[in-house]
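K.L.:
Just passing along the structure, written as structure tokens.
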Amino acid sequence: MRTMGSELENEIFFRNRGTTSISEQRKLSCTVIGIVGLGGTGGFALESLARCGVGSFVLFDFDRIELSNFNRQLLATMSSVDEEKTQIAEKRIKSINPNAKIISYPKKFVPADFKKLFGCDIVLDCSDNVETHLAIAKACGKLKIPFVFCSASNASGLCSVFYPSVDFRKIMQLPKNKTRLSQYNKCTSIIAPAVALSGTLAASQSINFTIGKPHVRAPDFIFFDLFKKEILWKKRL
């Protein structure tokens, strides 16, 4: 390796300049982003953020890589089968930016974990079940930090930034009855470009928030459908 420390980062992220200013790049290097869920959307979001120069991450995922992940998950390869997703994610980030700081938790995020997100500037909800969505919303509300919600199914998806003052359950029209809530946790078919776009949108919105660029705010959402002629649009829920 020819360069170390800040010199290394200057070289790695040199091509970001012109799109991001030097001060914006420094801001990203000092930013701490939490990501809950390192599957389809989370893997692609993590990749984008690492390559944009985000300096620190707090990661949550209880799962391991399986063959059934291969059609849609960036971190899923033959060499990573049966490995913890958090461990593979750490290796991936370090292979891009050896100076990145990472705290990872190989467990499911639950409400009691909210203190583990303390210090994050923003959190990405890339989980795939409603209980975790609600736990993240509650945690970020307590900590007074925003979170990005993203989701994808089949060939479509959505993304938005939730500020602490916004009621996630109300905007997402989630029932309070636990039995009815459980009906929202359904595995569906999905293609890689859908999770890639959803994760990329989540990463871009978190970057925009961090460096003060325009970003979508709930109850407004970015929607997409890869099988439509006009694949992207914005709509209020």
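K.L.:
Going Cα to Cα from Lys138, which lysines come in below 19 Å? Please leave out same-chain ones fewer than 8 positions away.
P.N.:
Lys107, Lys108, Lys115, Lys116, Lys170, Lys176, Lys178
K.L.:
Could I ask something else about it? In debye, nearest 20: dipole of the chain around its Cα centre with unit charges on the Cβ of K, R (+) and D, E (-)?
P.N.:
Dipole about the Cα centre, nearest 20: 700 debye.
K.L.:
Still on this structure, please answer the following. Roughly how much of Thr210 is accessible, in Å² to the nearest 10, using a 1.4 Å probe?
P.N.:
That residue has around 20 Å² of solvent-accessible surface.
K.L.:
Using the heavy atoms of the protein chains alone and a 1.4 angstrom probe, what is the accessible area of the stretch 51-207 per residue in square angstrom?
P.N.:
For the stretch 51-207, the solvent-accessible area averages 48 Å² per residue.
K.L.:
For the stretch 18-163, what is the percent of antiparallel DSSP beta bridges, rounded to the nearest 5?
P.N.:
30 percent
K.L.:
Is any residue of the stretch 82-96 close enough, with backbone N under 16 Å, to a label point placed 7 angstrom from the Cα of Phe70 along the Cα-Cβ axis, and if so, which?
P.N.:
Within reach of a label on Phe70: 82-83.
K.L.:
Further question: So what is the 222 nm mean residue ellipticity for the chain from helices alone, if each DSSP H run of at least 4 adds -39500 (n - 2.57) and you divide by all residues, rounding to the nearest 500 deg cm²/dmol?
P.N.:
That calculation yields -10500 deg cm²/dmol at 222 nm.
K.L.:
Any idea of Tyr163's accessible area? Nearest 10 Å², probe 1.4 Å.
P.N.:
We get 50 Å² for Tyr163.
K.L.:
Enter the accessible area of Glu66 (Å², nearest 10), with the probe set to 1.4 Å and all protein chains included.
P.N.:
Its accessible surface works out to 90 Å², give or take rounding.
K.L.:
Compute and list, largest first, the equivalent-ellipsoid semi-axes of the stretch 19-112 from the alpha carbon gyration tensor, each √(5λ) rounded to a whole angstrom.
P.N.:
Each semi-axis is √(5λ); the values are 24, 15, 11 Å.
K.L.:
Is the stretch 91-209 rounded, prolate or oblate when judged by the Cα gyration tensor, a ≥ b ≥ c being the square roots of its eigenvalues, rounded requiring a/c under 1.5 and prolate requiring a/b larger than b/c?
P.N.:
It is oblate, given that a/c is not under 1.5 and a/b is not larger than b/c.
The values are calculated or read from the model by the stated rules, or taken from the named source; none is laboratory data. Source: prediction; values computed, not measured. All Cβ positions, glycine included, derive from the backbone under ideal geometry; neighbour counts span all protein chains shown. In case anyone asks, the SASA skips ligands and DNA or RNA and just uses the protein heavy atoms, side chains included. Shrake-Rupley method; radii C 1.70, N 1.55, O 1.52, S 1.80 Å.
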